[in-house]
1. From Ala117, Ala130, grab the single residue that is in contact with a Ser or Thr (Cβ under 6 Å, 6 or more places away or on another chain), under 22 Å from Gly89 (Cα atoms) and not aromatic (Phe, Trp, Tyr).
2. In the range 51-143, which helices (runs of 4 or more DSSP H) lie fully inside it and hold 3 or more residues that are under 26 Å from Phe160 (Cβ atoms) and polar (S, T, N, Q)?
3. Between residues in the range 55-68 that are closer than 12 Å to Arg105 by Cα and residues that are outside any helix (DSSP H, G or I), which pairs lie under 8 Å by C-beta distance while being six or more apart or on different chains?
4. Restricted to the range 147-185, and to residues that are among the basic types (Lys, Arg) and in contact with a Leu (Cβ under 7 Å, 6 or more places away or on another chain), which residue is least open to solvent (accessible area, probe 1.4 Å)?
5. Which of the helices (runs of 4 or more DSSP H) found entirely inside the range 158-212 contain at least 2 residues meeting this: among the hydrophobic types (A, V, I, L, M, F, W, C) and in contact with a Lys or Arg (Cβ under 8 Å, 6 or more places away or on another chain)?
6. Being within 13 Å of Phe76 (Cβ to Cβ) and part of a helix (DSSP H, G or I) is the filter; apply it to the range 37-46 and report the residue that is modelled with the lowest pLDDT.
7. Scan Leu49, Leu74, Leu34 and give me the residue that is at pLDDT below 90, under 26 Å from Ser123 (Cα atoms) and buried (at least 16 other Cβ atoms within 10 Å of the Cβ).
8. Pick out the one residue from Met60, Met21 that is open to solvent by 50 Å² or more (accessible area, probe 1.4 Å), over 28 Å from Gly112 (Cβ atoms) and modelled with pLDDT of 80 or more.
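The values are calculated or read from the model by the stated rules, or taken from the named source; none is laboratory data. The model shown is predicted, which means the values in this text are computed figures rather than measured ones. FYI the Cβ positions are ideal-geometry reconstructions off the backbone, even for glycines, and counts take in every protein chain you see. Quick note on the areas: whole protein, heavy atoms, side chains included, nothing else; ligands and nucleic acids left out. Shrake-Rupley method; radii C 1.70, N 1.55, O 1.52, S 1.80 Å.
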Amino acid sequence: ASDVYKRQEAEWNLIARLKKMNRVPEAFNRTQSLLAKAGSVSMDLRGRLMWLDASLALTMEEPKEALSKAESALGFLAGREGLTEKLRGHLKTQVLLTKGRTLLRVGRSEEGYAVLAELREGSPASDAAAFTFLVEAYHHAAGNRLDEAQRSLLRLADGFKGSRYAPRALYEAALYLERRGLDENLKEGVDLLERLTQEYPHDNLVFYARIR
C-alpha cells in the first residue's frame, strides 16, 4: 500500500510540474488517465485530481467542461467521509474558485460573484479568499469598469494585509487609477504606490512602484 501511495504521489507531483511548465494538455491527459482508475486511486488524491481536472479544463478554454467538472468535484467533496476536514476544506475553496472564475468567463457574472462570496464566507482567512478579489478586479477591468476593479483590489489590500497578493493589489489599483486619468485619480494612485513601498518594502513590486 505504501508503494502504491508513493507512486500516486509521484504522479501528482509530475502533473503539477507539467502544469507549472505550461504543458497543460499533457497534464490534462495524465489527470484523465488517473481518474479513469478511480478504484485504485486514494480518496484524497482523487479529490485533488477532480479539482485539478476542472482547473485544467478552464485553462484550456473549455469553460462548459470546467463548470461540469467543478460541480462533480463539489459533489464528491460533500459526499465522502474518507477525507480529512482540513483537506476537504482546502479543496472546496479551490473548486469554488475555479467555479466562480468559470461562471464569470461564460458571462454568468452574478452567479460567479455569488460563488466567490460563498468561498470568502466559508474560508474568510484563506489565500483563495484573497485571490477572489483579483478575479473580480480583472473581470471588471475587462469590461472597462475601472472604478469597480479598483474597489475590489482595495478590498483585498485592506482586508488581507498579510496576503502575498496585497502588494499586487495596491500596484494594480494604482495602474487603474492612472488609466482613469483625472488629476485626483493620479494623486490617489501615487498615494497607493507610496503605501506599497512603505508597507511592503521587500516586495519585488517596490522597484516598479518607485519608477512609476
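1. Values: Ala117 fails: in contact with a Ser or Thr (Cβ under 6 Å, 6 or more places away or on another chain).
The unique qualifying residue is Ala130.
2. Working: elements: 63-78, 85-105, 109-122, 127-142.
Qualifying helices (runs of 4 or more DSSP H): 85-105.
3. From the range 55-68, the pairs are Pro63/Val106; Lys64/Val106; Leu67/Val106.
4. Keep residues of the range 147-185 that are among the basic types (Lys, Arg), which gives 151, 155, 161, 164, 168, 179-180.
Still in the list and also in contact with a Leu (Cβ under 7 Å, 6 or more places away or on another chain): 168, 179-180.
Values: Arg168: 80, Arg179: 139, Arg180: 98 Å².
It comes out as Arg168.
5. Details: elements: 166-180, 183-199, 205-211.
It comes to 166-180.
6. Ala38
7. Numbers: Leu74 fails: at pLDDT below 90; Leu34 fails: under 26 Å from Ser123 (Cα atoms).
Going through Leu49, Leu74, Leu34 in turn, just one is at pLDDT below 90, under 26 Å from Ser123 (Cα atoms) and buried (at least 16 other Cβ atoms within 10 Å of the Cβ): Leu49.
8. Numbers: Met60 fails: over 28 Å from Gly112 (Cβ atoms).
From the options Met60, Met21, the qualifying one is Met21.
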